[in-house]
Each structure stands twice: as C-alpha cells, then as structure tokens.
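What follows is one structure encoded as structure tokens, with my remarks underneath.
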Amino acid sequence: MIFLRSLAFNLALYVITIVEMIVFTPFYFLAERKKAWWAPKFWARSNLWLQKVLAGTKSEVTGQENLPEGAFILAPKHQSFWDTFALVPHIPDAVYILKRELMWIPVFGWYLGKMNMIPIDRGSPAKALRKVVVEARKRAEQGRQIIIYPEGTRRPPGAEPAYKHGIAEIYSRLGIPVVPVAHVAGLYWPRRRFLRYPGVIRARFLPPIPPGLSRTEFMARLIEATEKACDALLIEAAQSENPPPLPPTAVERLKQLGVPVSENAIEA
C-alpha cells in the first residue's frame, strides 16, 4: 500500500508541477514580482495537499510568530525535497541561494529567474560566497528573506551536524537576524528514496538569532538551537503511534539521547 500511495503521489507531483507552470505562465510573467509569488505559493500548497491525500503525510509548520518583519535569513535543516517548498507559503518574499544548474531547466528555470534567486557555482566555493554576499545584500535592502541551507546538502535525520561557515560570513556581512528552522522531514520523505511514509511532518521556525554576534558565537547558537529542536522532533516522531521507519543515523542519535528504539521501527 505504501508503494502504491508513493507512486500515486510522485506521479501527481510531476503532473501538477507541469500543469500549473503552463496554466500560470501568463499571469506569472506579466504580473509584478511580489504579486507573482501567488503562483509558487499555490504550487507549494498543492504539493502539501497531494502529499496528505495520496501519501497520507500531513505537514504542520509552527513558530510563525518568530519570523521578523522585513529582511532576515532563514536557515532550515536540509533533509528532503519537502523542505525546499513547504516553507514558501509562510515567507513573504523569499530568495533562495541555489545551485546554478537549476536555472538551466526549461520553464522551471525561468520561474526561478522571475524571482531574482541567487544562483551559485558550487565548483568555485570562494568565488560563489563573494557573489552570494553581494547579491544577498541587494535583496536584503529590498526587504526580502534570504533562504540558505547551512549544511549545504541534504543529510539524513539524526546525522552528525555538518554546518558550513558560509552562513556565518553572510550573517556577519548582512547584519540581519537569522531564523533557524528545525524538522525531521527526511523520516517521511527520505532523500534519494522513492517511498513516502504516512504521518505528520512537523517543522518549527525557531526564535531569531540577533545580528552583531561574532562568527563563532553565531555558529554555536545556530547549531545548538537547531539540533536541540530537531532532537525533540525526532523523539516525538519515533514515539508516535505510527512511527516512520528510522534510518541508521536516527537510530544511533536516539540511542545517544537515551531513547529506547523498537526493533519494528528500524528501517529495513
């Protein structure tokens, strides 16, 4: 049953993406940028609805009261494709820092270009970081919200933190707050996996880290706040009535936290 529901959801996701891009194209490219955000937000909500109906996976995002007015940096955990779109409906005028190859995808890349995203060449990290700082400052001056994944790439739930120092450089140069985002979406929508598991994906916007801290203090606060909240969400998911399969990284982390793990909950 999980296989069939996952198949239905994955197919529906591709279909709705193509259909909505075609249908929304006239409005999207003719509308002013802020008004055009309606289309990506509708697409994100469509995905979440399909995931709930077809895969049996609900999404619950809390902590919106922690989002500052105007410009800030959003720093989510990166575990799944889910966290690339599920937060969009809650952010007024987002700017993603993303790999430049995404801009080359026909139509989809044009959609990204309309929103003035910040593409980077990950093959030249130092050059890319300099570009990000310059471009992010421009977007922040417009009052927009910069989304960057501090660990750079998707990592499985419970894995050892691997935060890059690029976010500390951006934080120190822009002088705006950083809002960490905790979740364990990778339990329900695993990276590089076909199956989608039923349950509730919970994500939290955490209290903002104010500007003005040293890079070292900032990184310590970001990691501590994010990982502590992710641990709590991991425990909650593992102890839920119908827990998702737990990957080895999650099992090991739960053992470190002193939380018993049922053999039936361990990923086969």
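The values are calculated or read from the model by the stated rules, or taken from the named source; none is laboratory data. Please read all numbers here as calculations on a predicted model, not as lab measurements. Because the Cβ atoms are built from the backbone with ideal geometry, glycine has one as well, and the counts that use them run over all protein chains shown. Surface areas here come from the heavy atoms of the whole protein model, side chains and all, with no ligands, DNA or RNA. Shrake-Rupley method; radii C 1.70, N 1.55, O 1.52, S 1.80 Å.
Any residue at all in segment 100-114 that is loosely packed, with under 15 Cβ neighbours inside 10 Å, of a type in the set (D, E, K, R) and under 26 Å from V15 (Cα atoms)?
Yes, segment 100-114 contains at least one residue that is loosely packed, with under 15 Cβ neighbours inside 10 Å, of a type in the set (D, E, K, R) and under 26 Å from V15 (Cα atoms).
Is one or more of the residues making up segment 206-225 under 21 Å from F85 (Cβ atoms), among the charged types (D, E, K, R), touching a residue at least 40 places away in the same chain (Cβ under 8 Å) and open to solvent by 10 Å² or more (accessible area, probe 1.4 Å)?
no
Could you figure out which of (1) at pLDDT 95 or above; (2) open to solvent by less than 40 Å² (accessible area, probe 1.4 Å); (3) not hydrophobic (A, V, I, L, M, F, W, C) isn't true of P244?
The number of the failed condition is (1).
Hey, among the residues in segment 143-169 that are open to solvent by less than 30 Å² (accessible area, probe 1.4 Å) and not in a loop (DSSP other than H, G, I, E, B), which one's modelled with the lowest pLDDT?
If we take residues in segment 143-169 being open to solvent by less than 30 Å² (accessible area, probe 1.4 Å) and not in a loop (DSSP other than H, G, I, E, B), then G166 is modelled with the lowest pLDDT.
Scan segment 119-142 and give yes if some residue there is in contact (Cβ under 8 Å) with a residue 40 or more places away in the chain, in a loop (DSSP other than H, G, I, E, B) and in contact with a helix residue (DSSP H, G or I) (Cβ under 9 Å, 6 or more places away or on another chain), otherwise no.
So far as segment 119-142 goes, no, none of its residues is in contact (Cβ under 8 Å) with a residue 40 or more places away in the chain, in a loop (DSSP other than H, G, I, E, B) and in contact with a helix residue (DSSP H, G or I) (Cβ under 9 Å, 6 or more places away or on another chain).
Among the listed residues K58, K77, K35, K52, identify the single one that is in contact (Cβ under 8 Å) with a residue 12 or more places away in the chain and either more than 25 Å from L174 (Cβ to Cβ) or open to solvent by 40 Å² or more (accessible area, probe 1.4 Å) (or both). Steps first, please.
Numbers: K77 fails: either more than 25 Å from L174 (Cβ to Cβ) or open to solvent by 40 Å² or more (accessible area, probe 1.4 Å) (or both); K35 fails: in contact (Cβ under 8 Å) with a residue 12 or more places away in the chain; K52 fails: in contact (Cβ under 8 Å) with a residue 12 or more places away in the chain.
The unique qualifying residue is K58.
Would you call P92 within 30 Å of A55 (Cβ to Cβ) and open to solvent by 30 Å² or more (accessible area, probe 1.4 Å)?
Details: within 30 Å of A55 (Cβ to Cβ): yes; open to solvent by 30 Å² or more (accessible area, probe 1.4 Å): yes.
The answer is yes for P92.
Residues in segment 1-48 that are assigned to a helix (DSSP H, G or I) and closer than 15 Å to I91 by Cβ: how many?
Keep residues of segment 1-48 that are assigned to a helix (DSSP H, G or I), which gives 2-30, 33-36, 38-48.
Pick out the ones that are also closer than 15 Å to I91 by Cβ and you get 33-34, 36, 38-45, 48.
Number satisfying all stated conditions: 12.
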